[in-house]
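Novice: Can you keep this structure in mind? I'll have questions shortly.
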Amino acid sequence: MKTFPALLIRSLAAALASGMCLLGAVDGVVVNGTSGQPQSGVVVTLLQPGAQGMQTLGSVKSDAQGQFKFDKEVPPGPVLVQGLYQGATYNMMLTPGTPTTGVRLNVYDSTSKPGTAKGEQHMILIEPSADALAIGETFLFQNATTTTFQDPKKGSFEFYLPASTNGKVQVTVSAPGGMPIQRPAERTGQPGVYKVSYPLKPGETRFDLEYSVPAATKYSAKLVPMDGPTRLVTAPTVTLTGDGIEPMGQEPRTKANIYNVTGLEYSVLIDGVGSLRAAAGDASADGSAPKEDTGQPGVEEAQARVYTRLPWVLGLTFGILALGGLLLYRRGAA
């Protein structure tokens, strides 16, 4: 005869084991967010993150009513439902304990129409040291439509890269509702101009570029036209003077120096050394080649570099907007 404690332990073990996996089928419907109707013919894949990266558990295609279903039992841990539609991937993460039936996966029609997504902000972080000049660029794009922007020729956007980098740049993409992934920079037909090809889905997409050039007290660069303004940012211990820029003051929280770029090129003298990211332990870009993007979120044990940049990116964004509003107010009052 089994004792009460033994029965209790076995019952608890069985309960824990059953709670560690998502039992039953994973099913749902694919909805076209552009038309508002169920979308047929979407390739839906069930993925699970692991030590070896994303593991494919199965793949189906949505039927005429947009419905899909995976009959197999899901192993323990979170799973990712990913839809491929018109060349873009759309993700939905299912964590243990969340419903696995009636899942709604939104996809959108794609377009190459200019103006679908607008570049709202371009920030260039200049961090000089005795060994190198680390450059970090952040592009913020806003897509307020119900379509996904894709341009096979020009990519999501274009940018200049200094010749001394030899094309070595790390590009990290943070899409709406997605995990940061890396994307390669591609050469264009114009000297020094590169592009990044990645679908700009409805919502905000951020691109973070990191590269380095030899240490110098003078730096010049060109810009590709975009809708929003371009700002140069330095640590409080670093100041810039030169052509094509105008000082905007300091961002209140980080005390970073902010400069507005007045044209499509600038040339500055750099005084001082310092890094806004040193406190977060974020190393400068090493110029290594980015990993190939498969359209699936990457799995890393270490915190993604882009997360260490979130505080200063967001803080500087709001600070820059506040400074810009103050300058406009003063000009209007004058």
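Novice: Once fully extended, how much extra length lies between residue 37 and residue 241, figured as 0.36 nm per residue of separation less the alpha-carbon to alpha-carbon distance? Intermediate values should be presented prior to the final figure.
Specialist: Details: separation 204, 0.36 × 204 = 73.44 nm, distance 5.51 nm.
My answer for the length gained is 67.9 nm.
Novice: Okay, moving on. Within a 10 angstrom radius of the beta carbon, how do 218, 201 rank from fewest other beta carbons to most? Could you put the intermediate results ahead of the total?
Specialist: Details: 218 10, 201 27.
Sorted ascending by nearby Cβ count, the order is 218, 201.
Novice: May I ask for the net charge around residue 59, where only other residues with Cβ less than 15 Å from the Cβ of residue 59 are counted and Lys, Arg are +1 while Asp, Glu are -1?
Specialist: Working: positive: 61, 69, 72; negative: 27, 63, 71.
Surrounding charge for residue 59 is 0.
Novice: Pop the C-beta distance of residue 71 and residue 163 into the FRET formula with R0 = 45 Å and round what comes out to the nearest 0.05.
Specialist: On the way: r = 56 Å, r/R0 = 1.23.
Plugging the Cβ-Cβ distance into 1/(1 + (r/R0)^6) gives 0.20.
Novice: How big is D, in µm² s⁻¹, for region 173-238 by Stokes-Einstein at 20 °C and 1.002 mPa s if Rh is the Kirkwood radius over C-alpha pairs? Walk me through the numbers before you get to the answer.
Specialist: On the way: Rh = 15.0 Å.
In µm²/s, the coefficient is 143.
Novice: Right, something else. Can you pull the one-decimal nm distance between simple spin-label points at residue 130 and residue 51, each 7 Å off the Cα toward Cβ?
Specialist: Once both label points are built, they end up 4.2 nm from each other.
Novice: How long are the semi-axes of the equivalent ellipsoid of region 140-280, taking √(5λ) for every eigenvalue λ of the Cα gyration tensor, in whole Å from largest down? Kindly include the intermediate steps, with their values, before the conclusion.
Specialist: Details: eigenvalues 147, 70, 47 Å².
Sorted largest first and rounded, they come to 27, 19, 15 Å.
Novice: At a Förster distance of 41 Å, what's the computed FRET efficiency of residue 250 paired with residue 188, Cβ-Cβ distance as r, to 0.05? Can you show the working numbers first?
Specialist: Values: r = 36 Å, r/R0 = 0.88.
The pair residue 250/residue 188 has a calculated efficiency of 0.70.
Novice: Quickly rank 171-180, 112-121 as a protection proxy: mean count of other C-beta atoms within 10 Å, highest first.
Specialist: Details: 171-180: 18.9, 112-121: 15.8.
In decreasing order of mean packing, 171-180, 112-121 become 171-180, 112-121.
Novice: Mind checking the full-extension length gain between residue 271 and residue 118? Use 0.36 nm per residue of separation minus the Cα-Cα distance, one decimal, nm.
Specialist: Working: separation 153, 0.36 × 153 = 55.08 nm, distance 3.37 nm.
Full extension of this stretch gives 51.7 nm more.
Novice: If only Cα atoms are counted, what is the Rg of region 20-108, and what is its Dmax, in Å?
Specialist: 12.5, 38
Laboratory data are not the source of any read-out in this text; all were calculated from the coordinates shown. Predicted model, so just to flag it, every value in this text is computed and none were measured. Glycine also receives a Cβ, built like all others from the backbone with ideal geometry; neighbour counts cover every protein chain displayed.
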